[in-house]
Amino acid sequence: MLEIKNLHVKLEDEDKQILKGVDLSVEAGKVHAIMGPNGSGKSTLSYVLSGRDGYEVTEGEASLNGLDLLEAEPEERAAAGLFLAFQYPVEIPGVGNMTFLRTALNAQRKARGEAEISAGDFLKLVREKAKSLKIDADMLKRPVNVGFSGGEKKRNEILQMAILEPKMCILDETDSGLDVDAMRLVADGVNALRDAGRSFLVITHYQRLLDHIKPDVVHIMAGGRIIETGGPDLAMEVEKNGYADLLAKHGIAQEMA
Amino acid sequence: MSAVEKMTPAEARLARVSLPDGFGPARRDARDRLNAMGLPGRRDEYWRWTNPTDLIAPEPVPATPFVDDEPELFGDIDRLKIVFRDGVFDAEASDDLALEGIEILRLAEAGDVNWASGLYGTLEAAGQTPVARPFATLNTASATDGILIRVTGRASKPVNVIYDYSSEVCDPILHHLVKLEEGAEITVLETGTAGARANQLWEVDVAKGAQFHHIRVQGRDHARRAVTGIFTRVAEHGLFKSFTLTSNGALTRNECVIDIVGDDANAHVAGAALGDAKSDPFHHDDTVFITHGAERGESRQVFKKVLKNGAEGIFQGKILVKPGAQKTDGYQISQSLLLDEDSEFLAKPELEIYADDVVCSHGSTTGAIDETALFYLRSRGVPHEEATALLVLSFLADAIEEIADEQFRDEIVTRLESWLARHRG
């Protein structure tokens, strides 16, 4: 599904290397989690994979089912099945959530050479998906994310995921700013989308999200690299002992992480 | 050297002012006022950012009439059509000038004795202080046609004034007057381009509890020049709402002068302007002056401009709160979205307040497309240009929301979308 090899990334405007050789392979149907201290490069990885401006890939490669992600426009990556659930979903005043969802879905279908969805079918689809995420009709009518609570914004991200049906979902700190109930709702939404043909990369600071979204593989990222890979136990270990021991083991100073 | 050669263009233009029949006293008064104030020059503070030269030149710069290939605006809406072609009323293309709740006369046929004789030119004249607006005065003196509408009840359908022109030197002066009696209500739609160089004026008298809705879509002609004026007086509990969509146009100056004279009155004026100067120049100027002369008045000015390839946008807006106009709520926002580094937006927002218990605010911003929002949309699969178009609509939303009626709003949005589709890249 997702193949990342020796990925090196620096900031475009600054001489600052963020990713220093990331290797990662996510198989179809698997949930991988990436944990790591602040500044380890987790969010940068998610932005580079989805094509945000401001970064320069200096070395390495990344592909999604054979598509060279680094050469593709963000919309091409999306049409190929990549989805990034934002840590801070963006507010777009004046554009209705429904319009946004339908524009996105039809754009992806068009890019894949599929027919546009009819207004009736779309409405049915959105209603069905929204219901399971406890998103009410009012939230669908309002402008994209405007006046949404933190929990509503994150649920709206998952709703987009449910409607766009991507193959590779990256969740960038989707648990940040959520209370326990909101987190459970979001996790339930993600779990409902787990499928043999769909993979997840869950980026998080804390183990608690992984209580709800059970990962197959856990990676620890620090200093711009993946320094440790293991099973769900690895997340428990970090939760218990923190990152200090792991960083020391790999010779990464805490402030450098 | 003859006398004519010694004249400045402005003097030459003044010498050519004609006074058509009807409303004689008002027209003569306007001519005298115009001679006293003169036509604006480049040094005029009020014309600092918009060059009036082409507006005062003896002859218009020729403009090839533009063929609008879009479906007719408001074509599906039941409305009373009043068509002016080349500045002349076109009876054949127009509906019967009869509608329940209103009385319609034509300026060119009204003569001197009618309900409008005490009103014609008075709101325009009242709007000349503290700033002179010579093109409006020229209009009062020389207008050759227009419609005079007296609204006595609730107009049973909107009135649509439609302009069209076929001569590339068409230079019409049209003067419309709307008198809303107590509690009356009307929606006026105004669409198209009146001429290569047009001077269009509205005087709107809103009586107690009356409601006036105005939705204007200026024609898509690239080469045309237009100077327009709206002069209104709003009595207690009255409502005045005007929205203008402008796309294209070598030169457009839209002035709006609102006088809130009764308590608890509302006046909203909004505009969305779209300009792409890639192949033709675009210069758009919104100049607004709102006077609060009564208590608990509410006014809103919402002006948005989308500019690219060297397009120029101007906003001059003022709120004047007179002594005693307590509990005034005045709001003004002017914003531009620059789609490249070549375009320019100049704004002069002003507040002048002589009452102590008021809420007034003004803001002006200029900026580019929000990159984060653009990335968000693209990450969902929306291609760059379509995402940009959505963000432009997002930017314009506040202005469009000033249109109260959803069906009109939808037509405006459709027009905006097709403009954006034509001006990608």
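The values are calculated or read from the model by the stated rules, or taken from the named source; none is laboratory data. Fair warning: this is a prediction, and the values are worked out from it, not measured in the lab. Please note: Cβ atoms are built from the backbone with ideal geometry, for glycine as well, and neighbour counts cover all protein chains shown. Just so you know, the surface numbers come from the protein's heavy atoms only, side chains and all, with ligands and any DNA or RNA stripped out. Shrake-Rupley method; radii C 1.70, N 1.55, O 1.52, S 1.80 Å.
Quick one: what do you get for the range B:194-305 if you divide its Cα Rg by 2.2 N^0.38 Å? Walk me through the numbers on the way to the answer.
Working: Rg = 15.0 Å, N = 112, 2.2 N^0.38 = 13.2 Å.
That works out to 1.13 for the range B:194-305.
Could you do me a favour and compute the accessible area per residue for the range A:150-239, 1.4 Å probe, result in Å²?
Numbers: 3110 Å² over 90 residues.
That works out to 35 Å² per residue.
As I understand it, the value is the acute angle between the Cα axis of helix A:119-132 and the longest principal axis of the Cα atoms of chain A; what does it come to in degrees, rounded to 10?
50
Which of the peptides B:25-35, B:191-201 is most tightly packed, and how do the rest follow, going by the mean number of other Cβ atoms within 10 Å of each residue? Intermediate values should be presented prior to the final figure.
Values: B:25-35: 18.1, B:191-201: 26.0.
Ranked from most to least packed, the peptides come out as B:191-201, B:25-35.
Check each of the trypsin sites (Lys or Arg not before Pro) in the range A:177-228 and keep only those in coil by DSSP with at most 15 other C-beta atoms within 10 angstrom; list them in order.
A:194
Around residue A:120, with a cut-off of 14 angstrom between Cβ atoms, what is the net charge of the other residues, counting Lys and Arg +1 and Asp and Glu -1? Can you show the working numbers first?
Details: positive: A:102, A:124, A:127; negative: A:116, A:121, A:128.
Once positives and negatives cancel, what remains is 0.
Determine the dipole magnitude for chain A: charges of +1 sit on the beta-carbon of Lys and Arg, -1 on that of Asp and Glu, nothing else is charged, the reference point is the Cα centre, and the result goes in debye to the nearest 20. Display every interim value, and only then the final one.
Values: 31 positive and 41 negative charges, 179 e Å.
I would put it at about 860 debye.
Helix A:180-193 sits at what angle to the longest principal axis of chain A, using alpha carbons and giving 0 to 90 degrees rounded to 10?
Once rounded, the angle reads 80 degrees.
Find which of A:9, A:232, A:117 sits farthest along the positive direction of the dipole of chain A, computed with +1 on the beta-carbon of Lys and Arg, -1 on that of Asp and Glu, about the Cα centre.
Final value for the positive-end residue is A:117.
Under a Cβ-only charge scheme (Lys and Arg +1, Asp and Glu -1), can you give me the dipole magnitude of the protein assembly as shown about the Cα centre, in debye to the nearest 20? Could the numbers behind the result be given before it?
On the way: 75 positive and 110 negative charges, 67 e Å.
Roughly 320 debye for the protein assembly as shown.
Go through A:178, A:164, A:148 and say which Cα lies farthest out towards the positive end of the charge dipole of the range A:128-185; charges sit on Cβ, +1 for Lys and Arg, -1 for Asp and Glu.
Ranked along the dipole, the leading option is A:164.
Within the range B:341-383, which GluC sites (Glu not before Pro) sit in a loop by DSSP and count at most 10 neighbouring Cβ atoms inside 10 Å? Numbers along the way, then the final one.
Values: sites: B:341, B:344, B:350, B:352, B:371; in loops: B:341.
Loop-located and lightly packed - B:341.
Where Lys and Arg each count +1 and Asp and Glu each count -1, what net charge lies around residue B:234 among other residues with Cβ under 11 Å from its Cβ? Kindly include the intermediate steps, with their values, before the conclusion.
Details: positive: B:208, B:233, B:241; negative: B:205, B:236, B:259, B:263, B:264, B:298.
Surrounding charge for residue B:234 is -3.
Heavy atoms only, probe 1.4 Å: what % of the accessible area of the range A:1-116 goes to carbon and sulfur, would you let me know?
Numbers: 2010 of 4890 Å².
Summing carbon and sulfur atoms, their accessible area is 41 percent of the total for the range A:1-116.
Nearest 10 degrees is fine. How inclined is helix A:97-111 to the longest principal axis of chain A, computing both from alpha carbons?
80
Taking the Cα centre as origin and putting +1 on Lys and Arg beta-carbons and -1 on Asp and Glu beta-carbons, what dipole magnitude results for chain B, to the nearest 20 debye? All intermediate terms of the calculation are to be shown ahead of the outcome.
On the way: 44 positive and 69 negative charges, 192 e Å.
Taking the Cα centre of chain B as origin, the dipole is about 920 debye.
Which positions within the range A:54-75 get 50 Å² or more of their accessible surface covered by the other protein chains, compared to the chain by itself, with a 1.4 angstrom probe?
A:75
Calculate, in whole percent, how much of the Cα-Cα pair population of chain A lies beyond 36 Å. The partial results should precede the final answer.
Working: 3866 of 32896 pairs.
So the portion of pairs separated by more than 36 Å is 12 percent.
When a/c reaches 1.5 or more, the comparison of a/b and b/c decides; with that in mind, is chain B rounded, prolate or oblate per its Cα gyration tensor? Before the final figure, lay out the partial values.
Working: a/c = 1.33, a/b = 1.20, b/c = 1.11.
In terms of gyration-tensor shape, rounded.
Add -39500 (n - 2.57) for each DSSP H run of 4 or more in the protein assembly as shown, then divide by its residues: what number comes out at 222 nm, to the nearest 500 deg cm²/dmol?
Numbers: 19 runs with 185 residues, N = 682.
Helices in the protein assembly as shown give a 222 nm mean residue ellipticity of -8000 deg cm²/dmol.
Filter the GluC sites (Glu not before Pro) in the range A:1-95 down to the DSSP loop ones having no more than 16 other Cβ atoms within 10 Å, then list what survives.
Working: sites: A:3, A:12, A:14, A:27, A:56, A:59, A:61, A:71, A:75, A:76, A:91; in loops: A:12, A:14, A:27, A:91.
Within the range A:1-95, the qualifying GluC sites (Glu not before Pro) (loop, at most 16 other Cβ atoms within 10 Å) are A:12, A:14, A:27.
Name the residues whose placed amide hydrogens come within less than 5 Å of the amide hydrogen of residue B:306, ignoring near sequence neighbours (fewer than 5 apart) on the same chain.
For residue B:306, the qualifying residues are B:273, B:274, B:275, B:337.
Using only protein heavy atoms and a 1.4 Å probe, how much accessible area in total is buried between B and A, to the nearest 100 Å²? Could the numbers behind the result be given before it?
On the way: alone 17180 and 12120 Å², together 27390 Å².
Buried area (both sides, nearest 100 Å²): 1900 Å².
Keeping the other protein chains in place, figure out the carbon and sulfur percent of the accessible area of the range A:153-256, with a 1.4 Å probe.
On the way: 2090 of 4310 Å².
Of all accessible area on the range A:153-256, carbon and sulfur atoms account for 48 percent.
Using a 1.4 angstrom probe on protein heavy atoms only, which residues from the range A:92-106 are buried by at least 20 Å² of accessible area when all chains are present rather than their own chain alone?
A:92, A:93, A:94, A:95, A:100, A:103, A:104
How high is the FRET efficiency from residue B:95 to residue B:350, r the C-beta distance, R0 45 Å, rounded to 0.05?
Values: r = 42 Å, r/R0 = 0.93.
Plugging the Cβ-Cβ distance into 1/(1 + (r/R0)^6) gives 0.60.
Per residue, how much accessible surface does the range B:3-369 expose to a 1.4 Å probe? Answer in Å², no decimals. If you can, show how the numbers build up before the last one.
Working: 13740 Å² over 367 residues.
Accessible surface, normalised per residue, equals 37 Å².
For chain B, with a Gaussian network of springs between Cα atoms less than 10 Å apart, report the residue from B:134, B:60, B:383 with the top mean-square fluctuation.
Ranking B:134, B:60, B:383 by mean-square fluctuation puts B:383 first.
For the range B:3-369, which whole percent of the accessible surface, found with a 1.4 angstrom probe, sits on carbon and sulfur atoms? Write out the running numbers ahead of the final one.
Values: 6460 of 13740 Å².
Within the range B:3-369, the accessible surface is 47 percent carbon and sulfur.
Give, ordered by residue number, each residue of the range B:361-395 whose 1.4 Å probe accessible area is reduced by a minimum of 40 Å² on adding the remaining protein chains to the chain alone.
SASA drop of 40 Å² or more in the range B:361-395: B:372, B:375, B:376, B:378, B:379, B:380, B:381, B:390, B:394.
What fraction of the DSSP beta bridges in the protein assembly as shown is antiparallel, stated in percent and rounded to the nearest 5?
Numbers: 34 of 181 bridges.
Expressed as a percentage, antiparallel bridges in the protein assembly as shown total about 20.
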